[in-house]
Amino acid sequence: MRLGRVAMLGIGLVNGSLALALRERDAVGEIVACARRQRTRERALARGLCDRAVADPAEAVREAELVVLGVPPAAMGPVAAAMRPGLTADAVVTDVGSVKAQIVHDVVPHLPQPALFVPGHPVAGTEHSGPDAAFSTLFEGRRVILTPIEDTDPDAVRKVRRLWELVGAQVDLMTPEHHDRVLAITSHLPHLIAYTIVGTVADLERQTQSEVFKYAAGGFTDFTRIAASDPVMWRDVFLSNREAVLEMLGRFTEDLVRLQRAIRWGDGDTLFELFSRTRRIRRAVIRAGQAYDRLPVPPDRAADNGNGEEDEPTTRADG
Ligand code: NAP
């Protein structure tokens, strides 16, 4: 498949990585990126993520055959509304947002041809953001979930499916609501737990806190990585997927109380039985190809992550 002009609305980690992967395969004629800040546009151009970078969504999508919305979930609707005047009638529109039902609800009213909208979510990411975080192998071996709605054109779905397969991903189809339930437990709840644990440590008295940092290798480090994920995106995820997250959180809380009771009453059998079951789940996750080791920081962003902060190793996650 070779695409003509592709518009990337938002050019950060996800859209930037997709752009790099497409360009590496010479699968696209021209990429036009859109971002609000000049700094984002400059970095996207400097890293070769796009041929042109503009601030106006309508200008970005002009004559594009494919539009990829890659902004935070709550910005999808406003950006779709802003791009509308420039959209060609037969352009296929997709998105990469981490929640689906709310984004479908927010974006569809702004599209002249809702049948050409193929909502999507690459289950691949890192805790880093912005154009400097992009790397071309992000989607290799990872899953992408497409959530077409009732009237979605099958040819549009095929086009978006081929796009993701081209960059090395495996594509699954499900409804937006099912996506949101599955991701609530596999991604959203783990992030919430990480934010909570790291938040608890932040509130500890200084002496204890410095000891936590000193001995962090015992599991806490992994939580700090997840809890370093983009605050804007994750705020939007929890507010957009409120019901599914609250349902999973309810179940989790009950299970936590069960463990609390087992510890209080010295019920080792309950603990041992659960820990044995969870060990088997870890093996199943590895067999499904969804456990990844640490990745190196892409060489051209090792010094500066664009936020003026010290950079860290990149670790594949979901999001
Ligand atoms: P990112 O690196 O922070 O990039 C976001 C892009 O959107 C930037 O170009 C940013 O540029 C622009 N933007 C931010 N706020 C905006 C607003 N209010 N209106 C218009 N443009 C805005 O984000 P990302 O990690 O690529 O995430 C993009 C989407 O992918 C999100 O919907 C997220 O849920 C989804 N996703 C993320 C991951 C992950 O691990 N990070 C994984 C899978 C899917 P300016 O600020 O200059 O406008």
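The values are calculated or read from the model by the stated rules, or taken from the named source; none is laboratory data. Since the structure is predicted, the reported quantities are computational estimates derived from the model, not experimental observations. What goes into the accessible areas is simple: the full protein's heavy atoms, side chains included, and nothing from ligands, DNA or RNA. Shrake-Rupley method; radii C 1.70, N 1.55, O 1.52, S 1.80 Å.
In the stretch 74-179, the C-alpha radius of gyration followed by the widest Cα-Cα span (Dmax) gives 13.7, 37 angstrom. If one puts a single equal scatterer on every Cα of the chain and applies the Debye formula without solvent, what log₁₀ I(q)/I(0) results at q = 0.13, 0.14 Å⁻¹? Result of the Debye calculation: -0.98, -1.11.
According to the Cα-based calculation, Rg over Rh for the stretch 179-287 is 1.00, with Rh computed by the Kirkwood formula. Rolling a 1.4 Å probe over the heavy atoms of the protein chains gives the chain an accessible area of 51 Å² per residue.
The DSSP beta bridges internal to the chain are antiparallel in roughly 25% of cases.
Over the chain, with every protein chain in place, what whole percent of the accessible area is carbon and sulfur at 1.4 Å, could you tell me? Whole-percent figure for carbon plus sulfur exposure: 54. Largest first, the residues F252, F135 sort by 1.4 Å accessible area into F252, F135.
Compactness of the stretch 188-238 was expressed as the Cα radius of gyration divided by 2.2 N^0.38 Å, which yields 1.18. Summarised in one figure, the compactness ratio Rg/Rh of the stretch 1-110, Cα atoms and Kirkwood Rh, is 0.94.
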